[in-house]
Structures are given as structure tokens and as C-alpha cells.
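These notes concern the structure reproduced below.
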Amino acid sequence: MAIGMNIAKADVFVHSPGRNFVTLKIVTESGLVGYGDATVNGRELSVASYLRDHLLPIIIGRDAQNIEDTWQYLYRGSYWRRGPITMTAIAAIDMALWDIKAKAANVPLYQLLGGASRVGCLAYGHASGSDFKEIFDSIRYHQEKGYRAIRVQAAVPSLNSVYGVPGIGKSSKGKSAGKRHDYEPAQRSSKPVEEEWDTRAYLNHMPKVFEAVRNEFGPELPLLHDAHHRLTPIEAARLGKSLEPYDLFWLEDLTPAENTDVFRLIRQHTTTPIAVGEVFNSIFDYKALFEEQLIDYVRSPVSHAGGITALRKIFDYAAIYQIKSGVHGPTDVSPIGHAASLHLGMAIHNYGISEYMQHNSETNDVFEPEYTFKDGLIHPGTSAGLGVSYNEKLAASFEYKPAYLPVNRLKIDGTVHDW
Ligand code: CS2
Ligand code: MG
């Protein structure tokens with residue numbers, strides 16, 4: 001047994017460098033430090049409490065090397081399995097232990113997961129706009145930054161705001177190309193902001209958007225779109241079918257994700273590839289979807305799906321069915337969570353693509369991620385471990401402030417709607 005590998009100390013930090021993040025730090029008796037991302041957007045303090053009050057007291061003194069055993073101890077031992085808070089808390093510990101293991105071995109984490117299967121991880125960026133010109137400018141802006149695959153979100157005529165599209169209705173003319181959709185930092189409030197929704201207007205508009213984008217950019221550019229769980233099964237089928245001529249890389253989160261049975265109906269109607277899972281947190285969420293071959297991409301990030309240990313199993317299970325990874329990578333996944341997903345992405349065979357919304361400078365100054373983005377590919381870096389740190393002193397200067405994701409209501413009568 002290696003000396004000094006027991007867990008000596010574990011701390012949780014909740015700070016807001018650029019946006020709210022929950023960060024776990026584990027230290028071994030020998031002084032090795034591992035980091036984990038425990039952020040659940042809008043519910044940060046619940047995960048912090050789950051860790052501080054329930055998990056950290058029982059992992060002190062455990063051998064940091066026995067990652068699988070610790071995972072099973074926390075998952076099976078709690079009796080109350082699954083759920084975003086539980087699985088994110090377990091994920092953070094798992095990530096930190098893998099970080100420690102790779103540092104002890106003095107290799108970048110992907111080496112312990114099987115080594116590099118590719119030169120880098122293909123990433124997609126977020127383009128959006130209020131009209132076609134803004135969308136085109138935004139796509140060009142992302143291409144100039146190096147992206148080789150682009151998600152396109154568009155304002156819907158008659159709606160004042162659409163989640164994922166910044167600055168609708170504001171005087172954004174000519175300044176839209178680099179506008180970010182970072183919901184939380186822009187929308188801090190003591191109660192959720194309310195947005196409006198009109199499915200009919202959306203379904204009628206999206207084929208026009210993708211037709212215009214294909215006419216402008218040609219057939220080669222991989223394009224993605226996120227419906228953010230807002231559709232019924234038959235509406236989802238219609239959207240997939242109506243976008244077939246524009247050859248999407250994927251359509252994401254078509255329907256409220258807890259009812260996975262609906263993918264049978266959607267699949268019967270369209271060949272547009274389907275991605276789902278950013279709100280899943282367990283391999284069991286995917287079981288029927290894999291076995292019945294109902295989806296094409298797995299959206300879970302390491303931080304919300306129980307960690308590297310758990311997501312690795314999900315990806316290996318998916319591989320049997322030729323289903324690929326398509327990891328969630330918005331700014332509410334911290335650089336630690338991103339790095340963990342990237343190391344796994346480097347190693348697995350069935351890698352697909354990663355969402356890569358770039359963090360702002362405050363976030364990057366605190367976490368100092370070593371991953372690099374070049375020619376459309378992200379590489380997790382070659383230093384030992386995850387390649388991410390946490391500047392506690394600097395982080396402490398960014399005080400946590402409660403922030404919520406929005407609530408969606410139907411424009412026609414104000415009924416709360418899925419989003
Ligand atoms: C979105 C996210 O990136 C995506 O695909 O669905 O912006 C998502 O809404 C947020 O991460 C929620 O916290
Ligand atoms: Mg999404």
C-alpha cells in the first residue's frame with residue numbers, strides 16, 4: 001500500500017468567479033490535492049450541504065486509491081440512490097480521487113483511462129441571433145474563433161425572449177456576433193426570471209432558420225440545435241422531420257427528458273440524430289434508450305452523472321449500440337468538470353463531440369485550466385492529473401450570490417411550460 005494515500009482533509013467552496021460554482025478539494029495525508037466540480041446550476045447550496053454534512057465526514061481516513069470502492073460505498077451506502085444532487089456530490093469526490101490518482105502516477109488523467117484515442121476532442125460553440133443576419137454573424141464569429149461545429153439557436157418571431165438567445169429586443173444590432181448566452185451571470189435575481197413560449201411559432205420558424213443557414217454556409221458545416229425539452233412527442237417528431245433537409249449533426253433535448261418512452265415515437269418519424277441526457281444522472285436513465293437504439297448521443301457530463309467512474313460505464317454501454325458521447329459543456333460546468341469530461345473524451349473510442357462554451361476571464365483566473373482549444377479541438381493538456389487548479393484566495397473575493405434558471409410560461413395564457 002502506498003504511504004500517505006489516505007484522505008486527510010476535504011473542503012467545499014461555494015464562490016462566484018464569473019458565475020456560481022461549487023468546488024471540492026480533497027487532500028491526502030501525503031499532501032496530494034484533488035479537485036472536483038459539484039456545481040448544479042441554481043441549486044448550488046444543496047450539493048455543498050450534501051457533501052459537507054453527509055459525505056465528507058465519512059470519507060476522511062479512506063484510502064484515496066480505491067476509487068471504485070468509494071463510489072460503491074457512497075452510492076449503495078446511502079440507500080437513497082440517484083438524483084442530481086446525490087450524483088453530483090458523488091461525482092465531485094470521484095473526480096477529485098481520479099485527479100489524485102493521476103497526480104500520484106504523474107500522468108495526465110487520460111493516460112490512466114486507456115491513453116489518447118484521438119489528437120483532441122471536437123467541440124461545438126453556440127451561435128444565435130434575433131434575425132438571419134445576426135445568426136450568420138454569430139456563426140462567422142465562432143468559425144473565426146476556431147469552431148468547426150456550431151449550435152444554432154434563434155429568436156422566434158412574436159416572442160420577446162428565448163432561452164439560449166441573448167439580447168433579443170435589445171438594441172443589439174451590429175454587436176451581436178460575440179454575444180454570449182451565459183444565463184446565470186446576466187440574470188441574478190432573488191426569484192427566477194419568467195420567459196414566454198409559443199411552440200407553434202417555434203416549429204414554423206426553425207426550418208426557415210436552418211434553410212437560411214445552409215444557403216449561406218453550404219452543406220459541410222456541422223450544425224446542432226437544442227429544443228430544451230419544450231416539445232410533445234409528436235411535435236418533436238415534426239421538428240426532426242422538418243429539419244431533415246438541413247442535415248443536422250443532432251437535435252437535442254426534444255421532450256421533457258424524464259419520459260424516455262417517447263423516443264420510440266420520435267424515432268419512427270425522423271432520421272435526424274438525437275441527443276439527450278444533460279439532465280440525466282444515472283446509467284438507468286439511458287438503459288432503454290440504448291437497448292432500443294433510440295438515441296445517438298449521450299449528453300451527460302462527468303459532474304452530473306456520478307463522476308468518471310460512472311460516466312465511463314455509461315459510455316462503454318453506449319458503445320455497444322454505436323451511440324457516442326456528446327458531453328454537456330455550458331459555463332455552469334466548472335473548468336474542473338470540463339477537464340474531467342475531456343480526459344474521458346480523449347480515452348474512449350465512441351467519442352462524438354463536446355459542447356464548449358468558453359468561461360470568462362474571472363473563472364479562468366481562479367481555475368487556471370490547462371486545456372487548450374485549437375482548430376476546433378480541445379485538448380486537456382499533458383500535466384499530471386486533471387490539469388486544473390483552484391486559487392482559493394482569489395475565489396474567496398467573489399462572493400456567492402443566489403441565482404436562478406428561468407421559468408417558462410406559454411405566451412397565450414401564462415401556463416407554466418417545460419423548458
Ligand atoms: C443548455 C444549457 O448548454 C446547453 O445545452 O441546455 O444552457 C442548460 O440550460 C444549462 O446548463 C442549465 O444549467
Ligand atoms: Mg442543452
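Using only alpha carbons, build the gyration tensor for region 250-292 and give me the equivalent ellipsoid semi-axes, biggest first, whole Å.
Three semi-axes, in Å: 16, 12, 9.
In this structure Glu220 has an accessible area near 150 Å², from a 1.4 Å probe over the protein heavy atoms.
Kirkwood hydrodynamic radius computed over region 1-132 comes to 16.2 Å, based on all pairs of distinct alpha carbons.
Approximating the spin labels as points 7 Å out from Cα along Cα→Cβ, the Asp11-to-Arg43 distance works out to 2.7 nm.
A 1.4 Å probe run over the protein chains yields, for the chain, 40 Å² of accessible area per residue, whole-number rounding. Ratio of Rg to Rh for region 206-311: 1.00 [Cα atoms; Kirkwood radius as inverse mean 1/r over pairs]. Computed as a quarter of the hull surface, the mean projected area of the alpha carbon convex hull for region 254-396 stands at 9.4 nm². Counted as membrane-span-like here are DSSP H helices of the chain whose alpha-carbon atoms extend 30 Å or more along the helix's own axis and whose Kyte-Doolittle mean is -0.5 or above; these are 84-105. When all protein chains stay in place and ligands, DNA and RNA are ignored, the 1.4 Å accessible-area order of Val416, Val302, largest first, is Val416, Val302.
Length gain on complete extension for the stretch Lys393 to Glu211, per 0.36 nm per residue less the alpha carbon to alpha carbon distance? Before the final figure, lay out each step's value.
Details: separation 182, 0.36 × 182 = 65.52 nm, distance 4.97 nm.
Length difference between fully extended and current span is 60.5 nm.
Rolling a 1.4 Å probe across all protein chains gives Asp296 an accessible area of roughly 40 Å². Just how far, in whole angstrom, is region 270-302 from region 69-116 if you go by their alpha carbon centroids? Taking the Cα centre of region 270-302 as reference, the centre of region 69-116 is 21 Å away. A simple spin-label model places pseudo-atoms 7 Å from Cα toward Cβ; at Ala105 and Gln268 they are separated by 4.7 nm.
Calculated FRET efficiency, Phe284 to Asp418, Cβ-Cβ distance, R0 = 22 Å: about 0.50 to the nearest 0.05.
Using 0.36 nm per residue and subtracting the Cα-Cα separation, the extra length available between Thr372 and Ile3 on full extension is 129.4 nm.
When the accessible area of the chain is split by element with a 1.4 Å probe, what percent falls to carbon and sulfur? After summing per-atom areas, the C and S share lands at 52 percent.
For the chain, taking Cα atoms only, Rg and Dmax work out to 20.9, 65 Å respectively.
Over the chain, Cα pairs under 8 Å with separation of 6+ residues give a relative contact order of 22 percent.
D by Stokes-Einstein for region 58-150, Kirkwood Rh over Cα pairs, 37 °C, 0.692 mPa s: 194 µm²/s.
Taking a point 7 Å out from the Cα of Ser190 in the direction of its Cβ, the residues of region 24-65 whose backbone N falls within less than 20 Å of it are 42-46. Of the peptides 205-215, 403-413, 27-37, 305-315, the ranking by mean beta-carbon count within 10 Å, highest at the top, reads 305-315, 27-37, 205-215, 403-413. Calculated [222 nm] ellipticity per residue, helices only, for the chain: -10000 deg cm²/dmol; basis is -39500 (n - 2.57) per DSSP H run with n ≥ 4, divided by all residues, nearest 500.
Spin-label model, Leu410/Asn160: points 7 Å from Cα along the beta carbon direction are separated by 2.0 nm. Taking each residue as 0.36 nm, the span from Arg81 to Glu220 lengthens on full extension beyond its C-alpha to C-alpha distance by 45.7 nm. Straight Cα distances below 30 angstrom link Lys9 to the lysines Lys25, Lys101, Lys103, Lys313, Lys393, Lys401, with same-chain residues fewer than 8 positions distant left out.
The values are calculated or read from the model by the stated rules, or taken from the named source; none is laboratory data. Being a predicted model, the structure only gives us computed values, none of them experimental. Glycine also receives a Cβ, built like all others from the backbone with ideal geometry; neighbour counts cover every protein chain displayed. Side chains are part of the model used for accessible areas, which takes the heavy atoms of the whole protein and leaves out ligands, DNA and RNA. Shrake-Rupley method; radii C 1.70, N 1.55, O 1.52, S 1.80 Å.
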